[in-house]
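Taking it in order: structure first as structure tokens, then the write-up.
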Amino acid sequence: MTTDVVGKKTIRVVAAVVEHEGHYLITQRRESAVLALLWEFPGGKVEAGENDEDALRRELRERLDAEAKIGKKLGEKIHEYDGYRVALVLYEAILVEGKPLHAKRVKDFRWVASSEFDKYPFPDADQQTMDQLLGFTRG
């Protein structure tokens, strides 16, 4: 979902924080994507008429062939880019067991410990939100 605020388009993006045994699920953007090859929590844009939870479930299916239960909202952060802004909203999510993940609309995915995040370049909005919510600070 996008809205215009003071001449700048705002894009609402939802992302899932999926933790399993101390590791977090991250995905890598495809070469053809905006901010190509950067890593992020899985998710994507909220489309018109969707609520956050439905958008996040759809994005997880489209990107990883994953079914998930969406939990509580962890936080929201507005990040300014040149010409637009992103309202990034993070939610806890639990993957439905028994279905292996497939990189469908992402280049790759990994399970990483928060201490390993500095090995994976993230877009600014994701990085700032991760730092805030997970208490992790890049050195």
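The values are calculated or read from the model by the stated rules, or taken from the named source; none is laboratory data. Keep in mind the model is a prediction, meaning the values are calculated, not measured. So basically every Cβ, Gly included, is an ideal-geometry build from the backbone, and we count neighbours across all protein chains shown.
What to note about this one:
- The listed residue being under 14 Å from the mean Cα position of the chain (by Cα), of a type in the set (Gly, Ala, Ser) and assigned to a helix (DSSP H, G or I), out of Ala55, Ala93: Ala55
- The residue pairs whose first member lies in region 100-124 and is of a type outside the set (Ser, Thr, Tyr), whose second member is surrounded by 13 or more Cβ atoms within 10 Å (Cβ to Cβ) and at pLDDT below 90, and whose beta carbons are closer than 7 Å, counting only pairs six or more residues apart or on different chains, are Phe109/Leu101; Phe117/Met130; Phe117/Phe136; Phe122/Met130; Pro123/Leu35; Asp124/His79.
- Some residue of region 59-77 being under 22 Å from Ala125 (Cα atoms) and out of contact with any strand residue (DSSP E or B) (no Cβ under 9 Å at 6 or more places or on another chain): no
- Filtered residues of region 58-85 (kept if within 16 Å of Ala16 (Cα to Cα) and in a loop (DSSP other than H, G, I, E, B)): Asp65, Ala66, Glu67
- Output for region 86-117, where each listed residue is surrounded by 13 or more Cβ atoms within 10 Å (Cβ to Cβ) and modelled with pLDDT under 90: Val86, Leu101, Ser114, Phe117
- Selection within region 1-57: residues that are in contact with a Phe, Trp or Tyr (Cβ under 8 Å, 6 or more places away or on another chain) and over 17 Å from Ala93 (Cα atoms). The member of this set that is modelled with the lowest pLDDT is Lys8.
- Residue that is nearest to the chain's Cα centre (by Cα) [pool: residues in region 34-52 that are surrounded by 14 or more Cβ atoms within 10 Å (Cβ to Cβ) and of a type in the set (Gly, Ala, Ser)]: Gly43
- Some residue of region 43-52 being assigned to a strand (DSSP E or B) and basic (Lys, Arg): yes
- Flag if Asp131 is surrounded by 18 or more Cβ atoms within 10 Å (Cβ to Cβ), modelled with pLDDT under 85 and among the charged types (D, E, K, R): no
- Filter result for Leu74 (within 22 Å of Leu35 (Cβ to Cβ), surrounded by 14 or more Cβ atoms within 10 Å (Cβ to Cβ) and touching a Ser or Thr at 6+ places or on another chain (Cβ under 9 Å)): yes
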